[in-house]
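Notes follow the structure.
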Amino acid sequence: MPERTYQWKLSQIRKHIDVISNKLAPKTVLKNATILHSYLRQWIKGNIWIADDRIVYIGDQLPEQMNQTEMIDCANKMVVPGYIEPHAHPFQLYNPLSLAKYVSKSGTTTFVGDNLFFLLQYDKKKALTFLDDVGKLPYHFYWWSRFDLQTEVHGEERIFSHDFLKQWLAHPSVIQGGELTSWPKLLDGDDWILYWLRETKRRGKKIEGHLPGASQSTLLKMKLFGVDSDHESMNGKDVMNRLKMGYTAALRHSSIRPDLPKLLQEVQNEGLTTYDHVYFTTDGATPTFYKDGMMNQCIDIALQANVPAIDAYHMATFNIAKYYQLDDQIGVIAPGRMATLNILESIDNPAPSSVMAKGEWLVKDGVQQEVNDNINWGKYGLQPMKFNWELTMDDLQFSMPVGMKMKNSVIMEPYSLAIDSSVNQLSTDHDESFLALIDRNGEWRINTVLKGFSKKIQGFASSYSTTGDIILMGKSKDDMLAAFKRMKEIGGGIVVCEREKVIFELALQLNGSASNEELEMIISKQTDFFEKLKERGYLFDDPIYSLLFFSSTHLPYIRITPRGIFDVMKKTVLFPSIMR
């Protein structure tokens with residue numbers, strides 16, 4: 001089992017013993033509850049005693065000492081563990097805190113998060129301090145440690161230094177390595193990645209793959225390399241193939257891949273009868289996808305697909321905790337575990353009426369409670385971007401013969417340009433736009449043409465990208481400059497301009513990559529953004545993921561990266577970025 005900081009001091013443990021010995025009163029008692037008992041796989045009747053942040057007793061008895069004990073009658077109600085998101089990307093316009101505050105209202109209180117933001121857009125010295133501090137909030141935050149950046153950058157070896165990776169893997173809240181998007185390098189003989197896979201396993205931590213469309217042979221090889229799970233199943237056969245090889249398989253339901261209803265139907269058709277090694281993930285969905293909650297939505301879909309209720313709840317709780325070897329702390333309602341649980345009005349409705357995390361009420365009888373969950377972002381160097389450089393018309397020269405064609409929201413194909421890209425204004429009769437990626441510090445740029453994003457967007461600037469560098473696109477170079485100017489004024493974000501007037505803006509105050517506003521506001525802003533893009537010819541599912549994946553080399557076929565235009569299949573820079 002991975003080494004972790006034990007939750008309770010000796011004095012606290014003695015206090016908990018005194019509570020069940022009836023020498024001290026518990027803080028809270030949930031009586032007459034119908035409890036999901038994961039070890040029995042049964043719903044049982046009983047009372048739950050809570051002392052501090054810990055469940056100390058489950059059974060028929062009530063405490064003799066009840067001085068100032070909060071007594072909650074849960075007759076005709078169900079109590080289940082707090083829901084767990086096992087694969088979060090917590091900087092998708094929102095930030096970890098705004099995400100947790102919003103989705104905890106619907107019962108998701110534990111998150112296993114990506115560290116890519118910390119690698120590419122963060123002061124590495126402050127990252128582990130942030131992990132320590134966010135772990136003190138009334139939510140459960142765990143993390144993973146990447147071995148690759150899923151893009152091509154200058155000086156990757158400086159980012160993935162031996163000491164840095166070692167520090168991340170040693171941190172008690174880092175519970176897995178991955179997600180392993182660079183598995184082709186591993187197959188090609190990269191022993192640096194293999195060393196870190198082995199080091200992760202030596203520390204008793206899991207390794208998560210990223211294996212879309214992987215063949216049986218590839219799945220087998222990845223299993224021998226040490227990969228434990230994968231969330232990239234596209235259909236029921238993919239799920240079954242992973243299970244047959246001993247993987248834990250995630251069923252994804254996200255804004256870019258809302259596959260859960262289909263996957264459940266297909267695995268049932270494939271004859272799956274046990275769900276013990278399957279769990280849900282929403283895989284870093286964009287804000288509007290979470291309007292009605294997070295893992296509660298997945299449970300609801302499973303219940304509607306006639307998955308047995310205990311399995312439906314376990315795929316969002318117990319299965320995940322067992323996989324990550326956390327079931328001694330979370331994912332289970334049993335003595336000794338953290339008091340993180342949801343109270344339901346019925347088994348058929350996974351949206352809880354009350355939510356408790358670490359012994360603290362987040363929602364009580366449908367009313368959100370005041371909790372101390374503030375973060376001083378400036379302490380970690382997360383603040384609005386500052387630009388000490390200017391963008392000029394000279395930076396917007398487009399003479400490259402090869403452009404990028406959007407096949408869908410995230411897949412880009414190369415194509416030969418047939419338009420005159422030397423002009424300042426492109427026609428709205430076609431769907432080709434100028435596209436540039438510019439270093440956030442103004443040191444380099446790479447310019448091309450993008451086909452398929454829109455026919456009418458004139459000027460677009462975004463500091464939200466895989467690497468935190470600046471994406472510029474549009475039909476009009478004047479509007480692109482205007483959008484950049486406004487993005488600079490607001491300290492980073494997303495800006496759309498027409499006739500040099502701003503028609504949309506979203507400030508991203510945290511290094512230009514995430515908002516520090518509440519998720520409700522971000523949902524409203526994203527809705528407005530998407531509507532404006534659709535009005536101007538954006539035809540795909542998720543423009544936020546389009547921005548994120550323009551530079552992501554874990555997807556085919558061609559990408560715009562800090563190193564230049566990159567051919568993913570040939571692993572070659574076709575046209576290098578140039579210094580400004």
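Of note:
- Residue within region 250-273 that is surrounded by fewer than 18 Cβ atoms within 10 Å (Cβ to Cβ), among the polar types (S, T, N, Q) and at pLDDT below 95 present: yes
Residue by residue, here is whether (1) out of contact with any strand residue (DSSP E or B) (no Cβ under 7 Å at 6 or more places or on another chain); (2) outside any helix (DSSP H, G or I); (3) among the aliphatic types (A, V, I, L, M); (4) over 28 Å from Gln383 (Cβ atoms) holds:
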| position | (1), (2), (3), (4) |
| --- | --- |
| Gln526 | no, no, no, no |
| Phe529 | no, no, no, no |
| Lys532 | no, no, no, no |
| Gly537 | yes, yes, no, yes |
| Leu547 | no, no, yes, no |
| Ser552 | no, yes, no, no |
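- Selection status of Glu152, assigned to a helix (DSSP H, G or I) and acidic (Asp, Glu): no
- Odd one out for Lys456, checked against (1) under 17 Å from Tyr538 (Cβ atoms); (2) surrounded by 24 or more Cβ atoms within 10 Å (Cβ to Cβ); (3) touching a helix residue (DSSP H, G or I) at 6+ places or on another chain (Cβ under 9 Å): (2)
- Only one of the numbered conditions (1) surrounded by fewer than 21 Cβ atoms within 10 Å (Cβ to Cβ); (2) of a type outside the set (Phe, Trp, Tyr); (3) assigned to a helix (DSSP H, G or I); (4) out of contact with any helix residue (DSSP H, G or I) (no Cβ under 9 Å at 6 or more places or on another chain) is violated by Asp133, and that is (4).
- Filter pass, Asp439 being more than 20 Å from Leu548 (Cβ to Cβ) and among the charged types (D, E, K, R): no
- Failed condition for Leu481, given (1) at pLDDT 95 or above; (2) in contact with a strand residue (DSSP E or B) (Cβ under 7 Å, 6 or more places away or on another chain); (3) open to solvent by 10 Å² or more (accessible area, probe 1.4 Å); (4) of a type outside the set (D, E, K, R): (2)
- Enumeration of residues in region 112-122 that are part of a strand (DSSP E or B) and in contact (Cβ under 8 Å) with a residue 60 or more places away in the chain: Val112
- Filtered by the rule that a residue be more than 25 Å from the chain's Cα centre (by Cα) and either without any contact (Cβ under 8 Å) to a residue 60 or more places away in the chain or crowded, with 24+ Cβ neighbours inside 10 Å (or both), region 430-445 gives His430, Glu432, Ser433, Phe434, Leu435, Ala436, Ile438, Asn441.
- Meets criteria (crowded, with 22+ Cβ neighbours inside 10 Å, farther than 30 Å from Gln526 by Cα and not hydroxyl-bearing (Ser, Thr, Tyr)) for Met78: yes
- Scan of region 490-528 for residues that are more than 14 Å from Ser465 (Cα to Cα) and among the hydroxyl-bearing types (Ser, Thr, Tyr), ordered by number: Ser524, Thr527
- Matching residues in region 277-292 - criterion: being open to solvent by 60 Å² or more (accessible area, probe 1.4 Å) and over 14 Å from Val103 (Cα atoms): His277
- Residue satisfying all of: in region 64-95; among the acidic types (Asp, Glu) and over 15 Å from the mean Cα position of the chain (by Cα); farthest from Ile48 (Cα to Cα) among these: Glu64
- When the residues of region 208-242 are filtered to those that are in a helix (DSSP H, G or I) and among the hydroxyl-bearing types (Ser, Thr, Tyr), the one that is surrounded by the most Cβ atoms within 10 Å (Cβ to Cβ) is Thr218.
- Applying the set (1) in contact (Cβ under 8 Å) with a residue 12 or more places away in the chain; (2) surrounded by 13 or more Cβ atoms within 10 Å (Cβ to Cβ); (3) not hydroxyl-bearing (Ser, Thr, Tyr) to Lys23 leaves exactly one unmet item: (2).
- So Phe141, is it surrounded by fewer than 23 Cβ atoms within 10 Å (Cβ to Cβ), within 16 Å of the chain's Cα centre (by Cα) and not hydroxyl-bearing (Ser, Thr, Tyr): yes
- Among the residues listed as Glu432, Glu443, the single one being of a type in the set (D, E, K, R), touching a Leu at 6+ places or on another chain (Cβ under 8 Å) and at pLDDT 95 or above: Glu432
- Scanning region 485-524 for residues that are within 24 Å of Val449 (Cα to Cα), outside any strand (DSSP E or B) and either aliphatic (A, V, I, L, M) or open to solvent by 10 Å² or more (accessible area, probe 1.4 Å) (or both) yields Lys485, Arg486, Met487, Lys488, Arg499, Glu500.
- Checking Ala100 against (1) open to solvent by less than 10 Å² (accessible area, probe 1.4 Å); (2) touching a strand residue (DSSP E or B) at 6+ places or on another chain (Cβ under 6 Å), the condition it does not meet: (2)
- Restricted to region 396-406, and to residues there that are in a loop (DSSP other than H, G, I, E, B) and touching a strand residue (DSSP E or B) at 6+ places or on another chain (Cβ under 6 Å), the residue that is surrounded by the most Cβ atoms within 10 Å (Cβ to Cβ) is Phe398.
The values are calculated or read from the model by the stated rules, or taken from the named source; none is laboratory data. Nothing here was measured: the structure is a model prediction, and the numbers come from that model. Virtual Cβ from ideal backbone geometry, glycine too; neighbours counted across all protein chains shown. With ligands, DNA and RNA removed, areas are computed over all heavy atoms of the protein, side chains included. Shrake-Rupley method; radii C 1.70, N 1.55, O 1.52, S 1.80 Å.
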